[in-house]
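Engineer: Please see the structure below; I have some questions.
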Amino acid sequence: MNAIKRFGSAMIVPVLLFAFFGIVVGLATLFKNPAIMGGIAEEGTMWYNIWTIIESGGWTIFDHMELAFVIGLPISLAKKAQARATLAALMVYLVFNNYINAILTLWPSTFGVDLSQGVENLTGVKEIAGIPTLDTNIIGAIAISGIVIWIHNRFYDKKLPDMLGIFQGLVFVTIIGFFVMIPFALLIAFVWPYVQQGIGSLQGFITQAGYIGVWLFHFLERVLIPTGLHHFIYTPFEYGPAAVNEGLKPYWITHLNEFANSTAALKDLYPYGFLMQGNIKMFGCLGIALAMYYSTPKANRKKVLALVLPATLTAVFAGITEPLEFTFLFIAPYLFVIHALLGATMVTIMNMFGVVGMMGSGFIEIAALNWIPLSSNHGGIYIVQAIIGLIFVALYFVLFRWIILKFDIALPGRKTDEEAKLYTKQDYQNAKKEEETDNQEIAAATYDSEYEEKAVYYLEGLGGKENIKDVTNCATRLRVTVKDPDLVKGNDYFTKNQMAHGIAQSGQSIQVIVGLSVPQVRDSFETKL
């Protein structure tokens with residue numbers, strides 16, 4: 001399970017790039033649409049040509065998804081020399097595709113794929129880095145990158161005889177991968193065409209699953225966030241091949257102009273109700289934030305607003321929900337389950353009323369890829385979306401506020417037992433001494449940045465350097481495997497002075513909820529190690 005969690009966190013490295021490139025393509029599509037921009041956007045105008053150039057850059061990540069995942073995984077999963085592991089993964093992946101190309105060229109009838117017909121005339125085939133090969137999508141990229149990472153972690157430090165010393169390290173890893181890819185390429189050449197047939201069948205099954213499938217997808221995507229396994233729910237849909245082989249996001253963006261210019265029902269044009277969890281982030285998180293604010297005593301509301309407002313804006317606009325959700329997840333886990341149930345129900349109802357689209361992130365991406373380019377012919381459906389969303393904001397607010405007050409949940413800013421007790425003079429003096437000691441320690445330590453300060457603080461809280469086995473991160477969490485979990489300090493240590501949003505612990509697997517600055521904190525953390 002720990003290995004699966006590490007793998008899930010590594011997936012986020014390339015995935016984070018997709019939001020920006022998706023917005024670029026969405027905006028370019030918008031500004032090239034004459035129905036919205038008028039004559040200035042007619043084909044052949046300078047305006048049209050400029051946005052065509054920008055759009056071509058935006059397609060980079062979607063045209064080379066496989067390379068992004070091959071390169072991205074070693075950054076998180078290689079235990080040493082990540083840059084060299086990345087180069088090895090890329091080289092071995094290209095070797096694999098050259099093997100596939102040679103196998104299919106030599107024995108086209110055996111494997112049922114004749115590359116001489118041209119990539120553009122065949123299904124299930126793609127040109128990767130100029131190499132015509134089987135379209136194994138990100139599954140092949142992840143598998144090969146994973147194999148190379150495994151080889152790298154075990155053989156990178158292997159000492160060879162002095163006369164072979166030139167082949168140590170990166171070269172030795174690549175050599176092993178070179179020969180391992182021969183049987184692997186033969187296996188894939190045999191198996192993958194059948195897998196592609198299965199993908200086609202799976203697409204039909206998911207489509208026929210109807211609203212039950214839509215509800216289950218969005219419930220699992222939310223409720224698995226604390227485990228870090230939610231990446232495994234949405235990634236195969238977003239980037240392929242669960243619903244369509246190339247992934248729903250590239251498919252949506254490719255056909256965006258077609259959808260924008262059509263007056264047919266959007267649900268008929270795009271019959272997939274998945275990847276709409278952005279509605280939960282926009283509407284659900286807003287309702288939760290309002291409930292947290294209005295269930296707090298008036299004297300503390302300003303303090304709570306300073307905590308809740310930036311976390312809510314991050315969730316609503318950027319689609320990063322952990323800073324808000326983790327403020328109540330560990331205090332009242334059942335609230336999180338209710339959140340997942342309500343959110344999945346909201347999205348399913350929206351889908352019943354015809355709402356579909358690429359809505360996996362926050363307001364910015366949803367507007368760029370849906371509302372703005374499609375509003376001229378499909379604006380009515382987005383009004384329906386907003387009405388249902390606002391109704392659920394109210395439901396979230398009423399239900400969460402009632403539960404918080406009814407069960408007196410000790411969310412930030414609410415009265416706690418410690419605050420309610422009467423303090424003696426001795427308590428006050430002890431507290432002052434402790435505060436003075438803390439201030440002296442803080443003053444004595446100097447750091448180059450906030451990230452370095454947090455890294456040192458976390459390292460101490462996790463039991464010190466000798467207690468760390470490995471470290472990686474996802475979008476908001478520092479993920480660490482420790483040798484002795486008993487040496488890890490409690491949640492109160494990590495949340496003190498807002499150093500972190502909290503921790504999640506499962507045996508030796510520790511997740512420190514840092515926020516969006518976690519990549520910088522991880523760099524400092526590894527430097528200290």
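The values are calculated or read from the model by the stated rules, or taken from the named source; none is laboratory data. Since this is a predicted model, take the numbers as computed values, not measurements. No Cβ is skipped: glycine too gets one built from the backbone with ideal geometry, and neighbour counts run over all protein chains shown. Calculation scope for accessible area: heavy atoms of the full protein, side chains included, ligands and nucleic acids excluded. Shrake-Rupley method; radii C 1.70, N 1.55, O 1.52, S 1.80 Å.
Engineer: How would you classify the stretch 1-151 from its alpha-carbon gyration tensor, with a ≥ b ≥ c the square roots of the eigenvalues: rounded for a/c under 1.5, else prolate if a/b is greater than b/c, otherwise oblate?
Structural biologist: The shape class here is oblate.
Engineer: What is the local net charge at Ile468, summed over the other residues whose Cβ is closer than 13 Å to its Cβ (Lys, Arg +1; Asp, Glu -1)?
Structural biologist: +2
Engineer: For the pair Val384 and Ile131, what calculated FRET efficiency results from E = 1/(1 + (r/R0)^6), where r is the Cβ-Cβ distance and R0 = 51 Å, to the nearest 0.05?
Structural biologist: 0.65
Engineer: Follow-up. Cβ under 12 Å from Val24's Cβ, Val24 left aside: what net charge do those residues give with Lys, Arg +1 and Asp, Glu -1?
Structural biologist: -2
Engineer: For the chain, which DSSP H helices look membrane-span-like by this rule: Cα extent along the axis of 30 Å or more and mean Kyte-Doolittle of at least 1.6?
Structural biologist: 2-31
Engineer: Quick check: net charge around His152, other residues with Cβ under 13 Å of its Cβ, Lys/Arg +1 and Asp/Glu -1?
Structural biologist: The answer is +4.
Engineer: Might you tell me the accessible area per residue for the chain, computed with a 1.4 Å probe and given in Å²?
Structural biologist: Using a 1.4 Å probe on heavy atoms only, each residue of the chain averages 46 Å².
Engineer: Express the carbon and sulfur contribution to the solvent-accessible surface of the chain as a percent, rounded to the nearest whole number, probe 1.4 angstrom.
Structural biologist: 64 percent
Engineer: Under a point-charge model restricted to the Cβ atoms of Lys and Arg (+1) and Asp and Glu (-1), what is the dipole moment magnitude of the stretch 230-334 relative to its Cα centre, in debye to the nearest 20?
Structural biologist: Result for the stretch 230-334 is approximately 700 debye, rounded to the nearest 20.
Engineer: Roughly how far apart, in whole Å, are the Cα centres of the stretch 444-467 and the stretch 126-161?
Structural biologist: Spelled out, the Cα-based centre of one part sits 34 Å from the other.
Engineer: Can you tell me the length gained on complete extension of the stretch Leu305 to Ala209, counting 0.36 nm per residue apart and subtracting the Cα distance?
Structural biologist: In short, 30.4 nm is gained.
Engineer: For the stretch 52-131, what class follows from the C-alpha gyration tensor (a ≥ b ≥ c being the square roots of its eigenvalues): rounded when a/c is under 1.5, otherwise prolate if a/b is larger than b/c, else oblate?
Structural biologist: oblate
Engineer: Taking only C-alpha pairs under 8 Å that are 6+ residues apart, what is the relative contact order of the chain in percent?
Structural biologist: So the answer I get is 14 percent.
Engineer: While we're here: Beyond 28 Å between alpha-carbons counts as too far, so tell me which of Lys158/Lys489; Lys158/Lys469; Lys249/Lys303 fall in that bin.
Structural biologist: Lys158/Lys489; Lys249/Lys303
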